[in-house]
Each structure stands twice: as structure tokens, then as C-alpha cells.
Amino acid sequence: MSAFYHTKPSGLPRFGDVVSGFHNATLKLGAKLDRDFGDFDIAVTHPKYLVILTPCCSIEKTVMSLAPLIQLPHPVFKNPFFAEDPTRINRHVPAKKTLSPTQWEKLPVEDQQERMDKADGYVFIEFYVYQEHDLLLRYEIPHDKETRKTGHYMVNFKDICRVESKAIDRGNHSELAKLKILELSVQARKELRDKIAYYFARVPDEDQRELLPI
Amino acid sequence: MPELEDRTDVLTDATGGEPLRFRDVVVPFDRFEIVVRLGPGDELLEIVEVRIRADFRSAEQRLRSARHHDVDEFYRE
């Protein structure tokens, strides 16, 4: 087993921890938006696993951000580079490896060259993949007209929700510790921190132009 | 740092035997990177190198130099 997870996890809640037992709520508004507040629904789900996405030092009293740990979209496995190790999605990838060899060969030469001119970079910028582990249930994905099993999961940075509980207390974490399943290694937590920082720190082109010094 | 680079090549036999196809795969392991050489059937031939994943840049420097490749359109379900 690789060192993706901490072999001696602390009892403390940490950024990137896999936990269970938390409800997940999504506020859904109607198609017509209204300043006087239109229709809405609150969808509550009970994901088997969730990930703490509050930075370690900010897990204080009563509030924490979580996102559900979800199954990987199966097209990811069509690229042998990602199928061999889906956690490669968490790190910078050479341009040629971002697509399957078949997809790469179908690209026009100019497109290939343009991509090759770019430095190694992230793919699927809102995803961070969790390596399979005996404590995470394996599931089936389609594979060459059949199915194969995987235990890799991922978190989508667009799925972050907020929970409140008196049990969320870094000073008294005994309740929270009961729900903790896995803790990332220091290296894996650094990679999660780097990728989520990149996701939120991107500057849109139109802003970039205005921010340039005259 | 060439972090996730595969290298495919052929080992020629100096005695004139059949050349052996192999590929080197970089396996991240905590603070280390292990370069393993795999044969045609992905069998382990040897461990080529163990190196430290040393990145001496600060978090801000890493963030400034980060890029991404837009490939989502190729992976629609």
C-alpha cells in the first residue's frame, strides 16, 4: 500500500480527512429566479464518505466545510495513464498523457503542438482523487463492454457544503474522532492543498488584462 | 521536476539475444519517487531509482507556476 494515507492518523480532525455520518444538504432553486424569493427545495443526502475541506487550523468551533467522496467518472479509465493510477489526476501531467493515445493521434498536428508547447499541468481542475483503501468499498465501472472494480474515489470542489455542530471543536474532538475513517499523508494533503488553491486562485483572462501594469 | 513521465524504450542484448521492450514508470510514494522498470507484460524488471520528491518552492511559488490542460470535452460520459 502506498503512503497516500497516514499510517498512524491522529485523533484530530485534519484537512482532507475521510469521515462518515454527516448529512449533505443542497439548496435547489427553481428555474425562475426572483428577488422576492422564489420556490426552492432542500435535497438532503447521506453520502457514505465525505472529506473535510476546512483547513486544519480553521476547524474550530461548530462550523466545518465538507464535500462528498464520489465515484470517478468512468471515461477517466479510458486513458491508460489515468487507469493505471487515477491519483495522477492530482498532479501535473505532461500534455501527451492528458489524453488516451487514440485520442491524441486523432488531434490535428497543430493542436498537438499547441498542447505540447504548454508546460505540464493539471487536468480536471475541480477533482482530487482518493486512492483505494481497504476501508473504502470498491465499486464497478464499465470497461471494454464488461465491468471492472475500483476503490478510487474523488472529491469535486464544486460540491462543498457547510455543516454546523457543537461536536465540531478542535479543542474537544472526541465526537469528531469517532467519525474519522482515513487521514491523508502529509504529501497527499499538500497535493490537495495545492490543487484546491489553484482551483480557486485562477484569474479570468478579462481580469488579467485589466490587472496588467500600464 | 519531470514528475509523472513514462519512458518507453528497448534494452538491447550485447550478446545478440532478443531485445527487451520496457517502460519506466515513476511511482510517487510519500516524499519519494520510485522509478520502476516494467517489462512487456507489466512485470517488474528492476527498481531503477529512488529519489526524493524535493520541491523547494514555497506554496505561493508553486501556485504561480501552476497550469492546466483543458481536456474535459474528451471525457464526457
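The values are calculated or read from the model by the stated rules, or taken from the named source; none is laboratory data. Because the structure is a prediction, the values reported are computed rather than measured. Reconstructed Cβ throughout: ideal geometry from the backbone, glycine too, with neighbour counts over all protein chains shown. Surface areas here come from the heavy atoms of the whole protein model, side chains and all, with no ligands, DNA or RNA. Shrake-Rupley method; radii C 1.70, N 1.55, O 1.52, S 1.80 Å.
The table below gives the values:
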| item | result |
| --- | --- |
| Dimensionless Rg over Rh [region A:1-103; C-alpha; Kirkwood] | 1.08 |
| Gyration tensor verdict on region A:82-135 (Cα atoms; rounded if a/c is under 1.5, prolate if a/b is larger than b/c, oblate otherwise) | prolate |
| Rounded to 10°, Cα long-axis angle of helix A:186-201 versus longest principal axis of chain A | 80 |
| Charge dipole of chain A about the Cα centre (unit charges at C-beta), most positive-ward option of A:37, A:199, A:107 | A:199 |
| Which of A:163, A:135, A:74, positive extreme of dipole for chain A (C-beta unit charges) | A:135 |
| Shape of region B:31-77, Cα gyration tensor, a/c cut at 1.5 | oblate |
| Stretch gain in nm, segment residue A:7-residue A:140, where the contour uses 0.36 nm per residue and the Cα spacing is subtracted | 45.2 nm |
| Kirkwood-Stokes translational diffusion coefficient of region A:25-173, alpha-carbon pairs, 25 °C, 0.890 mPa s, µm²/s | 132 |
| Long pairs among A:118/A:190; A:149/A:180; A:8/A:180; A:97/A:145; A:97/A:118, criterion Cα-Cα beyond 18 Å | A:118/A:190; A:149/A:180; A:97/A:145 |
| Residue among A:126, A:191, A:110 with the largest mean-square fluctuation in a Gaussian network model of chain A, springs linking Cα atoms under 10 Å | A:110 |
| Selected from A:112, A:131, A:187 as most flexible by GNM, with chain A as the system and alpha-carbon contacts under 10 Å | A:112 |
| Per residue accessible area in Å² of region A:17-94, where ligands, DNA and RNA are left out and the probe is 1.4 Å | 54 |
| Share of carbon and sulfur in the accessible heavy-atom surface of region A:57-180 [1.4 Å probe, %] | 49 |
| Hits among aspartates and glutamates - C-alpha to C-alpha of residue A:61 under 12 Å, sequence gap 8 or more where chains match | A:164, A:169 |
| Chain A: most fluctuating residue of A:197, A:67, A:83 per GNM, C-alpha cutoff 10 Å | A:197 |
| Surface accessible to a 1.4 Å probe, per residue, for the residues of region A:128-214, Å² | 63 |
| Protein accessible surface hidden between B and A, which excludes ligands and nucleic acids, total in Å², probe 1.4 Å | 2900 |
| Relative contact order (%) - criterion: Cα under 8 Å, at least six apart; region: chain A | 29 |
| List A:152, A:23, A:74, ordered by accessible area with a 1.4 Å probe, largest first | A:23, A:74, A:152 |
| Potential extension, residue A:28-residue A:61 segment - 0.36 nm per residue separation minus Cα distance | 9.1 nm |
| List of region B:41-76 residues, accessible area with partners at least 30 Å² below that of the chain alone (1.4 Å probe) | B:53, B:62, B:63, B:66, B:67, B:68, B:69, B:71, B:72, B:74, B:75 |
| P(r) of the protein assembly as shown over all Cα-Cα pairs, binned every 5 Å from zero, in whole percent | 1, 4, 9, 13, 15, 16, 14, 11, 7, 5, 2, 1, 1, 0, 0, 0, 0 |
| Cα gyration tensor shape for region A:33-89, rounded if a/c is under 1.5, else prolate or oblate | oblate |
